Amino acid sequence: MGIQAIKRILLCTILCTFMAAVPVSAKEQNTILGGVYVDSLSLEGKTQEQARALVEEYAAGLAERNITLLAVNDNAVVITPAQIGFSWSNPEIIEEACALGQTGNVIQRYKAMKDLENNNKIYKLEISLDTALITDIITEQCETYNVPTVNATMSRIDGEISVTEGQAGQIIDTVASVDIIYDYLQHEWDKEDCTIALKVIVDEPQGSVEELSRLTDVLGTFTTSFSTSNGSRSANVINGCRLIDGSCIYPGEEFSAYQAVSPFSQSNGYYMAGSYLNGQVVDSLGGGICQVSTTLYNSVLLAELEVTERHNHSMIVTYVQPSMDAAIAESSGKDFKFVNNTENPIYIEGITSPDKHITFTIYGVEGRAADRTVEYISEVLERKDPDTEVVYQDAGLPVGSVSVQSAHIGYKAQLWKVVKENGTQVSRDKVNSSAYQAAPRSATVGTATEDPNALAQIMAAISTNNIDHIKNVAAALRGEAPAPPADNAAPPPVQPDPEAMEE
């Protein structure tokens, strides 16, 4: 018998054997063969649609498994895969499973069937996860168990230094922990409830008794007076000074004056006092706090620390020269910030005196030459004096009431830093430029009265647009003094009221 004949006989035998083993129903031919699994889930006898539904149900169950995340000190946070974006990512395996042993030529199909008799075909259900959601879970739920690092602190009482040791912190390494969770669920997870330990690191505190005890050199000190301030404003200055006093700033750290003294609330020790708003002096909680930040600013300049944010006031203040102020304001996002650019910690001491002076002194380790001196010079480039007065009528106030706000002179100025070594100037650099708006003297005059004669008198006075004359007429209506004749002369020269100009 020839070779070709033998081949035909063998092929016929295989074909007959295969045909005898394969069901002939069209419906049965479209079902998955035995020995085909997704993970441990058997798909035998399932159509493609049935298999897909079965695996989707299986995946939905996996999405609700409990995953326990161990944070600092083994504090447990329980989540589900659904919370971190779990989804089934390889649905194409269902089509592959349906095709197994039912596509290709007779020999290929026969071979696939024989393989399944000896070894199961197990498809791995692959999943996708959202690392952004994992990060959110760690940040919002796990990091609450972090133990914060407490740096060593110091205080100065009557010149004596007292140091409090720091405390090491325990914090979650969020980036590493995201990778741990992702890799475990992708490669090691057995699809059951599980526990995953997050990456926790020890954060050592900065500072020591020896290091802080060396902070005895005065790097910069500056004093301003608030002697003209009323009780509420004085209380705000004292409170702001207290909140900054004792701050210890390590090399490279940035200090925010706003963060140190906020929030501006009664519970944080503040009262209603005058502050600037839209060219007017208005009462607000914490009015006067800018004198605190300004005094600190000048001590920072003298210490030659790195100023990273500074804003001038909208209008001039009287407790420092132009361009030597530093405003902070929550409404406009103004802050005063600086960085400790020295090689050692610095300590801020804030003191207020009974005669209403505020002083900030910055202590550290002096690294500048003994013959080096620093001076800051304010240069006024332009001055604008208001030449008008503004009168506002208020029918809600009784006739005879007059509230006056002083004029504000407008300035353009700049600040220079002059450095001398052994008495000889070695540099002169511009530190900042500032523009302060001018504001006319203004008065709010009450006109509410049932006396037509009184109304006629106050309206006549208002028509002169002369605040001093209006004040005299109002005084007469209150029975305090006779009204002098109307004077339509130009307003008197600007003589600012220091109290009204303090913020």
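The values are calculated or read from the model by the stated rules, or taken from the named source; none is laboratory data. Remember, predicted model here, so these are calculated numbers, not experimental data. All Cβ positions, glycine included, derive from the backbone under ideal geometry; neighbour counts span all protein chains shown. Surface areas here come from the heavy atoms of the whole protein model, side chains and all, with no ligands, DNA or RNA. Shrake-Rupley method; radii C 1.70, N 1.55, O 1.52, S 1.80 Å.
Data overview
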| quantity | calculated |
| --- | --- |
| Where labels lie 7 Å past Cα in the beta-carbon direction, separation of Glu64 and Ala235 in nm | 5.9 nm |
| Span from the the range 377-398 Cα centroid across to the the range 333-350 one, whole angstrom | 36 Å |
| Ranked by how many other beta carbons lie within 10 Å on average, peptides 148-160, 431-443, 195-207 from highest | 431-443, 195-207, 148-160 |
| Beta bridges per DSSP with both ends in the chain, % antiparallel, nearest 5 | 85 percent |
| Prolate/oblate/rounded call for the range 331-428, Cα gyration tensor, a/c under 1.5 rounded | prolate |
| Distance violations [Cα-Cα > 28 Å] among Lys337/Lys417; Lys334/Lys417; Lys337/Lys384 | Lys337/Lys384 |
| Order by protection proxy (mean Cβ within 10 Å, highest first), peptides 371-377, 361-367, 98-104, 467-473 | 467-473, 361-367, 98-104, 371-377 |
| Spin-label proximity, Gln186 to the range 76-90 - amide N less than 15 Å from point 7 Å beyond Cα toward beta carbon | 85-90 |
| Mean-position separation - Cα centroids, the range 424-481 and the range 186-250, in angstrom | 45 Å |
| Straight-distance crosslink candidates among lysines, where the alpha carbon sits under 25 Å from Lys199 and sequence neighbours closer than 8 are dropped | Lys191 |
| Cross-link reach list, lysines versus Lys121, counting only Cα pairs under 16 Å and skipping chain neighbours closer than eight places | Lys46, Lys111 |
| Degrees, to the nearest 10: 174-187 long Cα axis against longest axis of the chain | 10 degrees |
| Nearest-ten-degree value, helix 289-303 long axis tilted from longest Cα axis of the chain | 80 degrees |
| Protection proxy ranking, peptides 55-65, 321-331, 35-45, average beta carbon neighbours within 10 Å, highest first | 321-331, 35-45, 55-65 |
| Kirkwood Rh, angstrom, the chain [1 / mean 1/r, Cα pairs] | 30.9 Å |
| Average projected area [Cα convex hull, the range 69-196], square nanometres | 11.6 nm² |
| Contour excess over end-to-end distance, with Cα ends at Arg368 and Ala460 and 0.36 nm allotted per residue | 26.5 nm |
| Simple label model, 7 Å out from Cα along Cβ direction - Arg428 to Ser40, nm | 8.6 nm |
| Gyration tensor verdict on the range 216-269 (Cα atoms; rounded if a/c is under 1.5, prolate if a/b is larger than b/c, oblate otherwise) | oblate |
| Amide H contacts of Thr308 (H built 1.01 Å from N, under 5 Å, at least 5 apart or other chain) | Lys337, Phe338, Val339 |
| CD proxy at 222 nm, helix term only [per DSSP H run n ≥ 4: -39500 (n - 2.57); per residue of the chain; nearest 500] | -8500 deg cm²/dmol |
| Accessible area, probe 1.4 Å, largest first, for residues Val106, Val72 | Val106, Val72 |
| Backbone HN-Hα couplings from phi across the range 206-217 [Karplus 6.51/-1.76/1.60, Hz, Gly and Pro as x] | 8, x, 8, 4, 5, 5, 6, 5, 7, 7, 10, 8 |
| Rounded accessible area of Cys194 (nearest 10 Å², 1.4 Å probe) | 10 Å² |
| Check: the chain dipole with +1 on Lys, Arg Cβ and -1 on Asp, Glu Cβ, in debye | 1360 debye |
